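The values are calculated or read from the model by the stated rules, or taken from the named source; none is laboratory data. Computed from a predicted model, the values in this text were never measured in an experiment. Neighbour counts run over all protein chains shown; Cβ positions are idealised from the backbone, glycine included. Each accessible area value is taken on the protein alone, full model and side chains, heavy atoms only, with ligands, DNA and RNA left out. Shrake-Rupley method; radii C 1.70, N 1.55, O 1.52, S 1.80 Å.
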Amino acid sequence: MLNIAILSAAVLVGALLIWPRLSNAPVWRATITPLASIIGSGFLVLGPILDVSYGGYAPLVMLGLCAIAYSFGAAIRFNIGDIDARPAPSRLLLGLERASSVVLAFAFIVSVAYYLNLFGAFGVSLTTLDDAYHANLLTTAVFLLILFMGMTRGFSALERMEQVSVGLKLSIIAGLLLGLAVHFGQVTGQGALKFDPPQVTGWAGVTLMAGLIVTVQGFETSRYLRQAYDAPLRIKSMRLAQWISTAIYCLYIGLLTYAFDADPLSLDETAIIELMQVVAPILPLLLVVAALSAQFSAAIADTNGSGGLIAETTRGVVTEKSAYVLLVGIGILLTWMANIFEIISYASRAFALYYALQSGIAAIRASQRLHSWQTVGFAILALLGAAVAVFGTPVE
């Protein structure tokens, strides 16, 4: 019965997402891009990491991550509005914008490695080849496929997958949350809820939290939808995407933390699969489908974005095709030399540096408009982003 209920919830949410009145609404169309980026595959990895590392305090850490992300989002939203009001920036701001574009291009490169390493791990998770070697082989093969498509201009056909994968992912997450809610209710009825002690505390806990920023990243995509949507709509849709993702993340972590034993020995990138087998037999398969779809479409999108940014910031010195070769080379190197948790940390630090630069830009723009409190707030955010970039650490 629970399997049927989970499937029904997924189908109902999927039907809602393709309902013309919703899918064609400009606000929702503008919201779906940042929302899809925020609730990526990190959603599946983050639950076990927080549960094992922070125990009963995991929901508070999740809330803290979302609050930090929302604050960085506020800086980017300020920049969107100010750019629209004053499109001619100073030379200093132009230089900082160019620097942030370079950092973002590098962050995309690392994030593609993160996406595809999760693709490899989930791709073999339900097979007899479920080990790091075969997961890395699958990841490498997909990297080479992406390189081939990029060199032969094959991306355009696959970009259509994004809308489908977003709907599929959100539908399966709805089924997952229903399954977790039922399981939470059963454990509560048995009087068996748990408050596990944290495994990581103090400064180590702070730096680990900093190394997880990438799992709530993605809202900045609204910054680059200028040709499709005006500034007020991009600001509104980014804020909406962050509120929706915060609600989903906090509900997910809250239901997961107290209804399962935190077992450090079982912590790996696909730990959620083993946990969900306890809830309902259908969930592991659904999660693998969601992960594979999300990873591949996200990797395509970020590969495209990185190639375009590198070509633009180097003014054509490095072509898009050359950028694809660079991306795939670094990605394969990371695949075989670093584990997924290290790659998550590298990606988090790269995005934190980008957020630091954007917050610095917001502080300068606010000071030019004599907004003293905003200037101070954005300057603090810039320092926070720089600190995350320096001190963020991976899961041990």
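Structure values in brief
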read-out: In order through region 309-322: 3J(HN,Hα) via Karplus (6.51 cos²θ - 1.76 cosθ + 1.60), integer Hz, x for Gly, Pro; value: 5, 5, 4, 5, 6, 8, 6, x, 4, 9, 6, 4, 5, 5
read-out: Derived scalar couplings ³J(HN,Hα) [region 111-119; Karplus, 6.51 cos²θ - 1.76 cosθ + 1.60; whole Hz; x for Gly, Pro]; value: 5, 5, 4, 4, 4, 6, 5, 5, 4
read-out: Spin-label pair residue 86/residue 226, simplified geometry with 7 Å Cα→Cβ offset, distance in nm; value: 1.6
read-out: For peptides 31-38, 276-283, 339-346, sequence by mean Cβ density within 10 Å, most packed first; value: 31-38, 339-346, 276-283
read-out: Ordering of 188-197, 44-53 by burial proxy (mean other Cβ atoms within 10 Å per residue, highest first); value: 44-53, 188-197
read-out: Of 247, 366, 135, the one that fluctuates the most in a GNM where the chain has Cα springs shorter than 10 Å; value: 247
read-out: Segment residue 98-residue 187, extension gain: residue separation times 0.36 nm, minus the distance between their alpha carbons; value: 26.8 nm
read-out: The chain, relative contact order [Cα under 8 Å, separation at least 6], %; value: 36
read-out: Carbon and sulfur %, accessible surface of the chain computed with the full protein complex present, 1.4 Å; value: 68
read-out: Per-residue ³J(HN,Hα) for region 247-262, Karplus 6.51 cos²θ - 1.76 cosθ + 1.60, θ = phi - 60°, Hz, x for Gly and Pro; value: 4, 5, 4, 5, 5, 4, 5, x, 5, 7, 4, 8, 9, 10, 6, 7
read-out: List 183, 371, ordered by accessible area with a 1.4 Å probe, largest first; value: 371, 183
read-out: Dimensionless Rg ratio for the chain, taking C-alpha atoms and the 2.2 N^0.38 Å reference; value: 0.96
read-out: Net dipole in debye of region 247-396 [+1 Lys, Arg Cβ; -1 Asp, Glu Cβ; about Cα centre; nearest 20]; value: 840
read-out: Region 1-153: C-alpha gyration tensor shape, a/c 1.5 cut-off, then a/b vs b/c; value: prolate
read-out: Length released on extending from residue 3 to residue 60, taking residue separation times 0.36 nm less the Cα-Cα span; value: 17.5 nm
read-out: Residues listed by number, region 1-27, amide nitrogen under 18 Å from residue 126 label point at 7 Å toward C-beta; value: 1-11
read-out: Cα lying deepest toward the dipole's positive end in the chain, options 67, 15, 224, charges on Cβ; value: 224
read-out: Area of residue 173 that stays accessible when all protein chains are in place (1.4 Å probe, Å², to 10); value: 20
read-out: Solvent-accessible area per residue, Å², over the chain with all protein chains present [probe radius 1.4 Å]; value: 43
read-out: Ranked order, 169, 236 - accessible area, probe 1.4 Å, largest first; value: 236, 169
read-out: Sites residue 21 and residue 285, calculated FRET efficiency, Cβ-Cβ separation with R0 51 Å, nearest 0.05; value: 0.95
read-out: GNM result for the chain, Cα springs below 10 Å: residue of 39, 332, 109 fluctuating most strongly; value: 332
